[in-house]
Amino acid sequence: MAVDLKGRNLLSLHDFTTEEILQVLRTAEELKMEAKRGQPHSLLAGKQLGMIFQKPSLRTRVAFEAGMSRLGGHAVYLGPEDIQLGKRETTEDIALVLSRYVDGIMARVFKHEDVEDLARYSKVPVINGLSEFCHPTQGLADLLTIYEKKGRLQGIKMAFVGDGNNMAHSLMFAAAKVGIHLNLAIPETYRPDPKALEWAKEDAAKTGATVEVYTDPNDVDKAVEGVDVIYTDVWLSMGQASKEEAEREKEERRKVFLPYQVNMDMLQKAREDAIVLHCLPAIYGEEITKEVVEDPRGRVVYDEAENRMHTAMAVMALVM
Ligand code: CP
Ligand code: NVA
């Protein structure tokens, strides 16, 4: 039976049930097929989306803005120059005022609590467009891409290699909900959040998924061995360190993360028909080589980026 997501917030994939996630994916698939046929939509005709961005974005902004317009609605962009959560005015006032103008809010924030606060005070659904804790709308696009390329989600083997960041968390939540076996190869000092791991393990126990963390750099091969999907993301996320700190840490991070680089050698360890995913933007020569993205197995990252729009549209159509 179809589940009703109207009025719901999407702060983390951990908050959605398996059936709710699958409902978003089915809707995205349908919308994508219709988009390919050039079928116009009026599902959100007359509706407005407010988009708060505290950090830069290409994919998230355009996926939601273009997606909203394709559904017959309109999106309003509010950048750091327009809105400073809790600085120019309280997050509570921002949420209450925006709720009088728009039918949904999507926010990219530094602190996860900010998107939680927006949701607490808003009268309209709030969608997390990335926080330092997780990136749920990217996780949905990743699931859709895996499903399209592999024909299933349950039982798929995936390895995430790199920093235990927001993407690692969202993939843990996503994988655990849909029965994907996820190995995370992450250096000890960059481990994922213990609470996120605990949530993912709890969900995994219900779906038959497994979530394993490998922190020894000698175990990267073991984590990647025979997987269907290799996933990576930047070694330093937006807002994780000040410019000076980032400059200071650069060499240290490079040293620690180099065994985790997704390159042609690493690809050899995965299944022959494995795909490589990356949320993008990528820093070529760091977490991934250009050669990998030029290989058909790595070019999938552009399908993945396209799927940001179809899944964003599905989320908006369902919650708004
Ligand atoms: N993947 C992703 O969220 O990209 P942007 O930062 O460009 O939105
Ligand atoms: N982990 C990255 C993801 C970017 C889409 C960041 O937060 O910068």
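Some values worked out for this structure:
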item	result
Which listed residue is in contact (Cβ under 8 Å) with a residue 12 or more places away in the chain, polar (S, T, N, Q) and surrounded by 14 or more Cβ atoms within 10 Å (Cβ to Cβ), from Thr210, Thr189	Thr210
Looking only at segment 55-112, and only at residues there that are among the β-branched types (Val, Ile, Thr) and touching a residue at least 60 places away in the same chain (Cβ under 8 Å), the one that is farthest from ligand 1 (Cβ to nearest atom)	Val62
The one condition in (1) within 16 Å of ligand 2 (Cβ to nearest atom); (2) closer than 23 Å to Ile146 by Cβ that Ala35 fails to fulfil	(1)
Residue, surrounded by the most Cβ atoms within 10 Å (Cβ to Cβ), within segment 215-234, restricted to residues that are among the hydroxyl-bearing types (Ser, Thr, Tyr) and under 19 Å from Arg271 (Cα atoms)	Thr232
Qualifying positions in segment 21-67 - of a type outside the set (S, T, N, Q) and part of a loop (DSSP other than H, G, I, E, B)	Arg37, Gly38, Pro40, His41, Leu43, Leu44, Ala45, Gly46, Lys47, Lys55, Pro56, Leu58
Pairs where the first residue, in segment 276-290, is farther than 22 Å from Glu148 by Cα and the second is away from ligand 2 (no atom under 16 Å from the Cβ) and charged (D, E, K, R), C-beta under 6 Å, 6+ apart	Tyr284/Lys290
Given (1) more than 30 Å from Lys206 (Cβ to Cβ); (2) surrounded by 21 or more Cβ atoms within 10 Å (Cβ to Cβ); (3) within 16 Å of ligand 2 (Cβ to nearest atom), number of the condition Gly73 does not satisfy	(3)
Verdict on Ala168 being within 16 Å of ligand 1 (Cβ to nearest atom), buried (at least 24 other Cβ atoms within 10 Å of the Cβ) and farther than 30 Å from Thr210 by Cα	no
Residue in segment 123-144 that is touching a Leu at 6+ places or on another chain (Cβ under 8 Å), farther than 21 Å from Arg26 by Cα, assigned to a loop (DSSP other than H, G, I, E, B) and among the basic types (Lys, Arg) present	yes
Matching residues, segment 263-286, being over 17 Å from the mean Cα position of the chain (by Cα), within 16 Å of ligand 2 (Cβ to nearest atom) and part of a loop (DSSP other than H, G, I, E, B)	Ile283, Glu286
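Computed from the coordinates by the stated procedures, all read-outs in this text should not be read as laboratory data. It should be emphasised that the depicted structure is a prediction, and the values quoted were computed from it without experimental measurement. Here the Cβ is made from the backbone with ideal geometry for all residues, glycine too, and neighbour counts use every protein chain on show.
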